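Asks: Dumping the structure here so I can ask a few things about it.
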Number of protein chains: 2
Amino acid sequence: MKVHPEEQTVFEVCLVVPKRKTKKEDATCDCVEVLENSFRKVGFIVERIDGVTDEFMKLAAPLEVLGKAAARLEMKKRTHIGMDLLFELDEVDAFVRQPDGSLFSWSERFRCYDHLIYGIVNENQSAVTLKCDEEEFQWKIGESLVRTLESKKIVKQIFPLHDEIRRKKLLGNWALNWWNLTGQPIDEVYSYFGAKIALYFAFLGMYTQWMLFPAALGLILQLVEFGSLRLLVLPIFFISIILWAIMFSQFWKRKNSALIARWQINYTFGGDPGYRLSGVDCTSLQVPVELIKDQEMDKRKEKEAFQKIEWFGRLRRVRNDAIVILSIICLQLPFELAYAHCYEVIQSDVIKFGLTVLYLFAIQYFTRLGAKMSVKLINCENYDNNEKRADSLVYKVFGLYFMQSYIGVFYHALLHRNFTTLRQVLVQRLLISEVLENVLENSLPYLKYSYRKYKVRSKKRLEKGSPQGKILFTSRAEKEYLKPSYSASIGVELEDGLFDDCLELALQFGMIMMFASAFPLAFAFAALNNIAEIRTDALKLLAIYKRPFPRAATTIGAWLNIFQFLIVMSICTNCALLVWLYDQEGKWKIEPGLAAILVMEHVLLLLKFGFSRLVPEEPAWVKANRVKKAAQAQDIYSKQLLRTISGGEKALNNVKKTE
Amino acid sequence: MKVHPEEQTVFEVCLVVPKRKTKKEDATCDCVEVLENSFRKVGFIVERIDGVTDEFMKLAAPLEVLGKAAARLEMKKRTHIGMDLLFELDEVDAFVRQPDGSLFSWSERFRCYDHLIYGIVNENQSAVTLKCDEEEFQWKIGESLVRTLESKKIVKQIFPLHDEIRRKKLLGNWALNWWNLTGQPIDEVYSYFGAKIALYFAFLGMYTQWMLFPAALGLILQLVEFGSLRLLVLPIFFISIILWAIMFSQFWKRKNSALIARWQINYTFGGDPGYRLSGVDCTSLQVPVELIKDQEMDKRKEKEAFQKIEWFGRLRRVRNDAIVILSIICLQLPFELAYAHCYEVIQSDVIKFGLTVLYLFAIQYFTRLGAKMSVKLINCENYDNNEKRADSLVYKVFGLYFMQSYIGVFYHALLHRNFTTLRQVLVQRLLISEVLENVLENSLPYLKYSYRKYKVRSKKRLEKGSPQGKILFTSRAEKEYLKPSYSASIGVELEDGLFDDCLELALQFGMIMMFASAFPLAFAFAALNNIAEIRTDALKLLAIYKRPFPRAATTIGAWLNIFQFLIVMSICTNCALLVWLYDQEGKWKIEPGLAAILVMEHVLLLLKFGFSRLVPEEPAWVKANRVKKAAQAQDIYSKQLLRTISGGEKALNNVKKTE
């Protein structure tokens, strides 16, 4: 039998604790010693490393330890008959392995680590006194050790460690594999980073690949002189772009479900074991079986409770959305319009530049404020799980960014019909800002990392007292600790760095789609940019940041809906642009041309909403597999189940009779 | 214990055979005697009735007989743990009973009857010679007796019988319960007629109930003089109507899923035991378990086969739809426009009348032709089950009816801006044609029934030779045999009478919605009409027609999509109407008013497509119940299942090792 990756010792999680001056003698009371012993008792393989300023504790868990944790977590896993069943260590062979041969996926593994690390509680009869240098404190009965240490700032951070072998391999065949254009080893990315990040890269890859078609069209439109045919060519371009976008979004859904099927992830979220409705745990509403059967009234009461919760939650969400939308329209819209208007009116370049700088600072502040408000609003809504909460944040914050990014462009395009300024703005945004962003996105974290290293070194030097002598970071763990974490620019509580990457993509998509008929060349810029984006994003994840926390996911979440919304918007805006282009004298007269454009708009909108009926989201083979397996499973165990159920029924009847 | 309905002998199915002159002596060879004996052997309770011209064989089946058939059919039924499992007679207690206390629903019962009746095959070693009067024929080995007799025209018809007790009860508390306005005993309708018809009536009831709101609004608009405010009131009316329609369609979906949950019907179709993809049975593509695991290539081949079938089927469907749409646009549209134009131009009333008569005959012919073509096209498409095929027919045929019903109205409204003619046409269609249709729909079948009775009587008299003497139809079975069956006016192969009823509803909905701003009073007419429709439709089903064949269904099928389509259409047409109304001088100038209407249109369209995100189709309590039950079931049997799976795995591994 071949050795599965997790059977080799790979340290996957790291704890950071400060250096202490304890002597070896009173090690029994030293909190870090206690921690290490507890870890060993749980079954972890622990390696301690002395860093420059801190101490690092690397953890690895053998398969049995993870399995036990998974069983305790009541984790559901895909079995060979296609059903998802509660994990049992004794029946390991019944469960399907990951494509890379390991039993648990990275996000499952991390969940187990998390459970094990925080699961160490004081099971003694009395509180334990722990020491850290001079400080003494109590580890109370039934309290988690790691949480106690975290509250005392002794455990400074817990973060997932890079796996050097696999990281190097990915660097070679993914991040630095420039010649592969849009190709990526998605399965390896999945097993290293988890589903959410892998789905993002799969999406980015497919998007870039599909982008080559409109890029070519745009180039042709730019290079070939159509002369008098130009007014005919533009609508054709517009229609084909919209069709392209509609097909892309539907085919991405198909690819998504194929990927999910390949990775053996269940469609219904496997993360939450108990079904929770709008924050009310089902178990609290659960009525005993006999009650349900005998008393119809109770069932009705349960139903009413559910309905109340459902509608109450919904109303709260609607109210929050209304608040967000109103505040965007009433506060942000006038501000953005004022800026756009001033920019249009002011003649002096110096004042223009000053204005822009002022504006950039202001929107930074506004965005942060908006995100904070959104997070607060979301916290009073109740969602099933964290991913839905993150999606809600994305919707709310995207409203802000939408106004920020497009309202100025709309102003130039639609109100002033100033197509030269429009094209200038588009080129600016697409070329300069994207290149700048890419550079910043990669250099800023590196600068941060270097600065931190410098700070640690100078601190060390101060302690030593000698300004000379080179200090080397010999341990990999310490280097990783100093790297910045993959976190979002706003709404850190709910999102990680993926938010910024997806936002960038969505804003780009909106920019090129909504003004497609005004500037067809944009697609070519975007395609080039995205090809670079794949590699730089990969590089960023592998080399510059800490290994991100894995997130379970089945889709790219709210972003796909935002893409769909942008497609609908772009149908409308492009039609408006075409009307403006044709009606150059500003006569505003309804002529056959305008009627034709309106008809075209409606047909395209119809297509947009009808296409999902034509091509289902789930490929036939995925569905067939799923249904076939479920049917197989049921057929095998049908009889066995039945006997037990009807037996239970009979027992129940007997009980009733004797009563 | 109370006696469940099916434990009383209720004759539910009837066979019609001709009267023969056989003497009692050679009864052994008489085919009807053989048939009766076979039925008794299967377990049926048989009652033979001598009618005026034919003989009737009424069948009833005790619970055990039905249960055995259900087990042989591998029927899946809901159990108390919420899972659907294969039915087993020994474990009856494990299965949930219908709301009316019976074990099988009417459509399940009928499936069993069907299976039992056609399941009688010749199991002897040689063919059996059967006689009918003088004619002799062979019942070959392995052939179905009833099919043989049907091919010889001896079994003239098999039809479900009314259950007199329940029919009378339903007549009292449903069909003749006029004062109950929109209330209906839906659960009783479900257990008597099956899910499809019950869903139609539930939909009709809810639709009528909701209709009262726009009817009241329309009445207010008609009765109150708004004076100069009129131009402001109309858009408000339009917006509230659209919002009403959007909410109605979404809330119907919720009601639908609540009903389905109450009736214990599974969402995924329970009718088809094997999963069939585009006509290819899964079993034929099924690869042995070992092959799948070892050979990745085979899996890929299977996937490719699936994809080929999927895309091929889809392309064929798109081609067919294109044929239908093109033929409607190229053939029907000019014809309808020509008629509308002639009607507008011609002055003489006599010629107008003649033209209309000619037109009515022509469209009758066209519709029949179109339906035949559609059925042919559908037969070369491959669908999972018959309901999907019926839906496909509905979509195709509705295209025809859409053109027929609305294109003339559009012509008056949009091209000629002739609002007087428009209102006239609407009143005509809504009042006269609906009343006429209701009368026809009820009287035609009755006339048919009377005529058939008369024919049978006169035939009998001829045989007897004496023109005098009254002939009475004493048996209920014979009377029911003479009643017309509940069949569709077109596409009889795929649909039953529900098609006409739903079509009437959909056409009415389109008529009142699409021209709402031109004629707000229409809603009041429609509401009145629908209140009458509920009772007349019920009466029709209970008193005038044979009991319809039960159809399994989980939704009202294609009709809901057609309603949704009509809502979208009505947003567009009403906006056009509003523009036309305001722009009375025909200046065709874009003014703020037009821009406002366009914006309003887009906002409403957005709402239409966004609303389903706001309010999910499945009420929270239904979903919670479903998920909770499924989780319960899995948790109980998880361990047991696992052991068997991993045992199988180990056995497989052992086999591999020994090889």
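Every read-out reported here was derived from the displayed coordinates using simple, explicitly stated rules and does not represent laboratory data. Worth saying up front: this structure is predicted, and the values here are computed from it rather than measured. All Cβ positions, even for glycine, are placed from backbone atoms using ideal geometry, and neighbour counts span all protein chains on display.
Asks: Work out the mean other chain Cβ neighbour count within 10 Å for the residues of A:86-98 and drop it here as an integer.
Replies: Taking all residues of A:86-98 together, the mean is 4.
Asks: Spelling out what I want: for every residue of the stretch B:495-502, take phi, set θ = phi - 60°, compute 6.51 cos²θ - 1.76 cosθ + 1.60 (Karplus), and round to whole Hz; glycine and proline get x.
Replies: 10, 10, x, 4, 4, 5, 5, 5
Asks: Between A:A305 and A:K460, with labels modelled 7 Å along Cα→Cβ, what's the label distance in nm to one decimal, could you check?
Replies: For the pair A:A305/A:K460, the computed spacing is 6.0 nm.
Asks: Moving to a separate point now. With label points built 7 Å along Cα→Cβ from the Cα atoms of A:I323 and B:S151, find their separation and express it in nm.
Replies: So the label points at A:I323 and B:S151 sit 7.5 nm apart.
Asks: Okay, next question. Once phi is turned into θ = phi - 60°, what whole-Hz ³J(HN,Hα) does the Karplus curve with 6.51, -1.76 and 1.60 give for every residue of the stretch B:168-176, x standing for Gly and Pro?
Replies: With the stated coefficients, the stretch B:168-176 comes to 5, 4, 5, 4, x, 9, 10, 5, 9 Hz.
Asks: Output the relative contact order of the stretch A:5-161, whole-number percent, from Cα pairs under 8 angstrom with separation of 6+ residues.
Replies: 29
Asks: Here's a follow-up. In terms of modelled amide H atoms, which long-range or inter-chain residues lie less than 5 Å from the amide H of A:A553?
Replies: Amide H neighbours of A:A553: A:A195, A:K196.
Asks: Moving to a separate point now. Check which residues have an amide H placed less than 5 Å from A:D133's amide H, if you skip close sequence neighbours.
Replies: Long-range HN contacts for A:D133: A:K21, A:T22.
Asks: Here is a further query. When each copy gets a label point 7 Å from Cα toward the beta-carbon at B:N385, what are the spacings between them in nm, shortest first?
Replies: 3.0
Asks: How far, in nm to one decimal, is B:N180 from itself in the other copies if the label point is set 7 angstrom along Cα toward Cβ? Shortest first, please.
Replies: Reported distances to equivalent positions: 6.7 nm.
Asks: To continue, here is another question. Ordered by residue, what ³J(HN,Hα) values in Hz, to whole numbers, does the stretch B:564-580 give under the Karplus form 6.51 cos²θ - 1.76 cosθ + 1.60, where θ = phi - 60° and Gly and Pro are x?
Replies: Per residue, the Karplus-derived 3J(HN,Hα) values read 5, 4, 5, 5, 4, 4, 6, 4, 5, 5, 5, 4, 4, 4, 5, 4, 4 Hz.
Asks: Name all residues of the stretch B:417-458 having a backbone nitrogen under 11 Å from the label point set 7 Å from the Cα of B:A532 along its Cα→Cβ direction, giving them as ranges.
Replies: B:431-440
Asks: Right, something else. Provide the net charge surrounding B:S405, with neighbours chosen by a C-beta distance below 13 Å and charges set as Lys +1, Arg +1, Asp -1, Glu -1.
Replies: After counting each charged neighbour, the total is -3.
Asks: Grab every C-alpha pair in the stretch A:192-243, bin the distances at 10 angstrom width from 0 up to the longest one, and report whole percents.
Replies: Reading upward from the zero bin: 21, 37, 21, 14, 7, 1.
Asks: Would you mind listing how long the stretch B:5-161 runs along its three principal axes, going by Cα atoms, in whole Å with the largest first?
Replies: The Cα atoms of the stretch B:5-161 stretch 58, 37, 23 Å along their principal axes.
Asks: A further question on this structure: On a 18 Å Cα-Cα criterion, which of the cross-link pairs B:K152/B:K455; B:K58/B:K483; A:K41/A:K153; A:K255/B:K308; A:K196/A:K546 come out too long?
Replies: Too far apart for the 18 Å limit: B:K152/B:K455; A:K41/A:K153.
Asks: Continuing with this model, one more query. Compactness ratio of the stretch B:103-195: Cα Rg over 2.2 N^0.38 Å, N = residue count?
Replies: Ratio of Cα Rg to 2.2 N^0.38 Å: 1.63.
Asks: Related question: So what are the three principal axis dimensions of the stretch A:414-517 from its Cα atoms, in whole Å, longest to shortest?
Replies: Ordered largest first, the stretch A:414-517 gives principal extents of 67, 30, 20 Å.
Asks: Which whole-number percent of Cα pairs in the stretch B:333-464 have a distance greater than 18 Å?
Replies: Numbers: 6064 of 8646 pairs.
It works out to 70 percent of all Cα pairs.
Asks: Other chains' Cβ within 10 Å of A:311-319 residues: what's the mean?
Replies: Going residue by residue through A:311-319 and averaging, the value is 1.
Asks: Partner chain Cβ atoms within 10 Å, averaged over the residues of B:604-610 - can you pull that number for me?
Replies: 3
Asks: Could you give the length gained by full extension between B:L337 and B:R314, i.e. 0.36 nm per residue of separation minus their alpha carbon distance, to one decimal place?
Replies: Net length gain for the segment: 5.0 nm.
Asks: Report, by chain and number, residues whose modeled amide H sits under 5 Å from the one on A:V13, excluding near sequence neighbours (fewer than 5 apart, same chain).
Replies: Under 5 Å from the amide H of A:V13 lie the amide H atoms of A:L59, A:L161, each far enough along the sequence or on another chain.
Asks: Which percentage, to the nearest 5, of the DSSP beta bridges contained in the stretch B:5-161 is antiparallel?
Replies: Values: 26 of 27 bridges.
Beta bridges within the stretch B:5-161, antiparallel portion: roughly 95 percent.
Asks: Between copies, how close do the B:K169 label points come, placed 7 Å along Cα→Cβ, listed in nm from shortest?
Replies: Reported distances to equivalent positions: 6.9 nm.
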